[in-house]
Structures are given as C-alpha cells and as structure tokens.
Amino acid sequence: MKARLFFSVVAMLLLASCTEDTYFELKDEYRPAEKAVFSAFMENYKKTRTGISTYPISGYYSLFWTRGDAISIYDGRNTAVFTTENDNSSFAEFVLAEGQIDDDASEYKAFYPSTITVYNQELPAVQHYIKDNVENFPMYAHSQNKDLEFKNLCGIIQLRLKNGSDSPIRVSSIGLSSVNSGMSGTFQIGGDGAAEVEGREGVSLICEEPVSLYEFAGTDFNIIVPQGEYDPLRVDLHLADGKVMQLASTDKVHVKRSGMTRIEMTLSESSYESSLEMIPVTEADVDFTDR
C-alpha cells in the first residue's frame, strides 16, 4: 500500500572550535497520508470481502466489501482509520477518515474491522446477528506498498437450527465456548495467518430482535471463531422467554481459518433441561475465499 516508509535522521554536527559545545539536530522526513488511497484485495488476487454471499459457488462462499467499511492502518509509528465508499464489490479503495500516518512508509499493517489495531489486537467477545451473514469478518494485511493483501484471521461456525418441539422457539442470543480453546480476547497471528487467542474466553452472538426457529426450514446463525479444535463445543441458547438450552458436542468440532463449519441441530423440549444434553454434531465444511 505504501511505497516505502523510512525515517531519515539528519545529524548536523556543528564544531566551531575545540572548546565549543556540540549540537545535534534530528529531523524526521514525514509525509502525511491525507490524500493517500489504499487498495484492498485478497491473497493470490482472490476477492476481498466482508459480507458473505447468499449461496456457495463451486463449494466457495464469496465475501464482499460494503460501503462504510473501515480499516486501521499502522505505519510503524502511528495508526489511522481509512474508509471506503465501494459497495458489494470485490475490490475497494480506502481513503483517510481519522488520524494520520506516513504516506511513504517502508511497510504497513492493516486490520479489518478498524476496532482491531496493533495496540488493540483483540477478537471481540460479542458479535451481532446479521441474517444470512456476519457483522464483521476479522482480516489482516502486511504490505510494503499501498496494495493491501488481506487474509482472514478466523473461520465461521454456522449453526443451522430447527424447531423440533410443539412450542415456539425464539432465540435472543447464542453463547459458544470450549474448555480447551479460546474464542475471543487478545491474539497473536500465527505463521499460517490464523489468529491464535491467548485466553479461554468464549463468544456471544446477540440478536437485536428474537429470531424464530421453524420445523422444516433451518435458520442459520453465523458465529466467527478462531481456527481450532473445540472439544467439546458448548452451546448456550438464550431464548426470548428467558429459558436457556445448554448443549455440548459429543465429538471434536474443527474450524479452519477462512473456512466454515456447519452444525445442524433440531431442538426439542428435552433441550430445556438445565443439565447439558450431549448432541451429535453434523459437520459440512464449506470453504470460502480469503477476503
């Protein structure tokens, strides 16, 4: 994205005589990026996107940038926020919205969404339900110019839920957790580009309005989690009537970076019991391109 960034330090040594003081002047050659434009695309020139397409094509879901998307860019010293006006596009140009960075940096580090920065490298513990989509899909790019090649940091667990009871079921929120792997909090980026969470905290998906489940048609809830092996995966379904369904997988649930693991469940009255009900997990991994 940036051509090159370097700090030129000019040392001026003034010696009038052997008895005079020595002076040093340090000067930063700093070019603000007020009008800089960063291009965002995906590794191997695949499409970079932040929303999921409705249907997979050849086994892949597409992702796309949406108007108003914001990324944070770090120039080695400062961080700024850039936004795009491109919408439903595989390619996006980002312009400065807040802060200031050098327009001629030697390298840049960028995160999506902009709430993730080098100083706040955390995966959120709370996500918000978006019908047939995700709110924000975390990505990272490291570049020596203004072309940002983003890679997905996480994967997706897609819960496809059906109502197998005689009573209405409306979901207010869903909590995911696992005793052996964290899903939110401070993370590092592994050699394969995947986020590696340091703690053991879970994640919650909040529905602004309760979402109804149906008998024959499954309702999808997409929850972003780091790559990992969750054994078991614990699912807490908080319902609009105040009841909680507590479930756990009978086997390991695998999630890949930039991949989707689908879990289909039909809920029944027995799921209302306070103790954990062990349920089988049906997985159908559907990969999608890096955004």
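The values are calculated or read from the model by the stated rules, or taken from the named source; none is laboratory data. Here the structure is a predicted model, which means the values were calculated and not measured. Virtual Cβ from ideal backbone geometry, glycine too; neighbours counted across all protein chains shown.
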Report summary line: Of those in the stretch 231-268 that are in a loop (DSSP other than H, G, I, E, B) and in contact with a Pro (Cβ under 9 Å, 6 or more places away or on another chain), the residue nearest to Ile189 (Cα to Cα) is Arg257
Report summary line: Scanning the stretch 76-98 residue by residue, the ones that are assigned to a strand (DSSP E or B), small (Gly, Ala, Ser) and modelled with pLDDT of 95 or more total 2
Report task. List every residue pair whose Cβ atoms lie under 9 Å apart, where the two residues are 6 or more positions apart in sequence or sit on different chains, the first residue falls within the stretch 155-168 and is within 11 Å of Tyr214 (Cβ to Cβ) and touching a residue at least 24 places away in the same chain (Cβ under 8 Å), and the second residue, located anywhere, is in a strand (DSSP E or B) and charged (D, E, K, R). Result -> Leu161/Asp220; Leu161/Glu264; Lys162/Glu264
Report task. For Gly193, indicate whether it is within 19 Å of Pro138 (Cβ to Cβ), touching a helix residue (DSSP H, G or I) at 6+ places or on another chain (Cβ under 9 Å) and either in a loop (DSSP other than H, G, I, E, B) or at pLDDT below 95 (or both). Result -> yes
Requested in this report: Keeping to the stretch 127-141, report how many residues are among the β-branched types (Val, Ile, Thr) and farther than 14 Å from Leu63 by Cβ.
Outcome: 0
Report summary line: The residue that is surrounded by the most Cβ atoms within 10 Å (Cβ to Cβ), considering only those in the stretch 208-247 that are acidic (Asp, Glu) and within 29 Å of Ala194 (Cβ to Cβ), is Asp236
Query raised in the report: Out of (1) closer than 17 Å to Gly76 by Cα; (2) touching a residue at least 12 places away in the same chain (Cβ under 8 Å), what's the single condition that is false for Asn120?
Result: (2)
Report task. Answer yes if at least one residue in the stretch 146-153 is part of a loop (DSSP other than H, G, I, E, B), under 21 Å from Arg234 (Cβ atoms) and touching a residue at least 24 places away in the same chain (Cβ under 8 Å), and no otherwise. Result -> no
Query raised in the report: For Ile73, are the conditions met, namely being under 18 Å from Asn152 (Cα atoms) and in contact with a Lys or Arg (Cβ under 8 Å, 6 or more places away or on another chain)?
Result: yes
Query - Considering residues of the stretch 248-260 that are modelled with pLDDT of 90 or more and surrounded by 18 or more Cβ atoms within 10 Å (Cβ to Cβ) only, the residue nearest to the chain's Cα centre (by Cα) - result: Arg257
Query raised in the report: Could you give every pair whose Cβ atoms fall below 8 Å, whose first residue belongs to the stretch 77-95 and is at positive phi, and whose second residue is of a type in the set (Gly, Ala, Ser) and not in a loop (DSSP other than H, G, I, E, B), counting only separations of at least 6 or pairs across chains?
Result: Asn88/Gly51
Query - Matching entry among Gly202, Gly175 (being out of contact with any His (no Cβ under 9 Å at 6 or more places or on another chain), modelled with pLDDT of 95 or more and not polar (S, T, N, Q)) - result: Gly202
